[in-house]
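S.K.: Mind looking over this structure? Questions follow.
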Amino acid sequence: MKKLIAGAMTTVAVGAMVPLLAAAPANADAQAKVCKPGATKITWVKTTKTPTLTHGKLRTATKPERVSVRVPKVTTIRAAVKGPGKPATVLASLAKQTKLKLADVNEPTPSLVGVSAKVKAGKTVFYAGTTKADGTYTFRTCNSKGTAYGAAKKGTAVSWNLKLSRNAVHCSVKTVDPLAAAAQQKFCR
């Protein structure tokens, strides 16, 4: 048997009474908490990962041999953030987004790297490179009541993968590796 009792209680089964939920909170001005006051949120609008030649040196061998070469820098990538948010927090977010282990803010690629390889006679480029990660983000801060995030502010960030790829490529070899191809294009003329 079901009964309706003056809008405040209803029975869903014989003898069971359940109060109806109030239509409005006790304080009509109360809003739901959506974030912790002062919390920040970074959203990546666009990110790119680009293989980048950072070091290179041409060496000519007269016979096949194993060679170790100190290779100078040809391109500098310096980790940086332009925009809102703590730079370390923004770069940590970029690392998570790109799934790379990125350099800290203001850290440049090294000036010299060692590369060892077995080479054949002729011209060989010793090179190193990395993946440059960059992106555009929006940054929002939760208001003091925790009821909404503020207006989005835009920023940009750039860094580089700490794992450098080091290798050598003979000038006569056709390659599909983007770093080796970039090294050949720059040094094998």
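S.K.: Mind sorting Trp44, Trp160 by how few other Cβ atoms lie within 10 Å of their own Cβ, fewest first?
M.R.: By the 10 Å Cβ count, ascending, the order reads Trp44, Trp160.
S.K.: Taking the Cα centre of segment 108-189 as the origin, how large is its charge dipole in debye, to the nearest 20, when only Lys and Arg (+1) and Asp and Glu (-1) carry charge on their Cβ atoms?
M.R.: 60 debye
S.K.: Be a star and scan segment 145-189 for residues whose amide nitrogen sits under 16 Å from the point 7 Å along the Cα-to-Cβ vector of Thr136.
M.R.: In segment 145-189, the label zone of Thr136 (backbone N under 16 Å from the point 7 Å along Cα→Cβ) covers 152-158.
S.K.: Compute, for segment 40-187, the length of the dipole vector about the Cα centre, with Cβ point charges of +1 (Lys, Arg) and -1 (Asp, Glu) only. Units Debye, rounded to 20.
M.R.: The dipole of segment 40-187 has a size of about 100 debye.
S.K.: What lysines could a cross-link reach from Lys49, if we take a straight Cα to Cα line under 16 Å and drop same-chain neighbours fewer than 8 places away?
M.R.: Once the sequence-local lysines are set aside, what remains near Lys49 is Lys96, Lys99, Lys101, Lys132, Lys163.
S.K.: I need the calculated FRET efficiency for the pair Thr76 and Ala151, taking r as the beta carbon distance and R₀ as 30 Å, to the nearest 0.05.
M.R.: Computed FRET efficiency for Thr76 and Ala151: 0.30.
S.K.: Sticking with this structure for a sec: For segment 168-174, what does the Karplus curve 6.51 cos²θ - 1.76 cosθ + 1.60, with θ = phi - 60°, yield as ³J(HN,Hα) per residue in whole Hz, taken in order and with x for Gly and Pro?
M.R.: 9, 9, 6, 5, 8, 8, 8
S.K.: Which one of Thr136, Ala80, Phe126 is farthest out on the positive end of the charge dipole of segment 37-136, using unit charges on Cβ (Lys, Arg +1; Asp, Glu -1) and the Cα centre as origin?
M.R.: Farthest along the dipole direction, towards plus: Phe126.
S.K.: How do Cys142, Cys188 line up, fewest other C-beta atoms within 10 Å first?
M.R.: Arranged by neighbour count, lowest to highest, Cys142, Cys188 become Cys188, Cys142.
Throughout, read-outs are computed from the coordinates displayed, never taken from laboratory work. Note that the coordinates shown come from a computational prediction; the quantities given were computed from them, not determined experimentally. In this analysis, Cβ positions are derived from the backbone assuming ideal geometry, glycine residues included, and neighbour counts consider all displayed protein chains.
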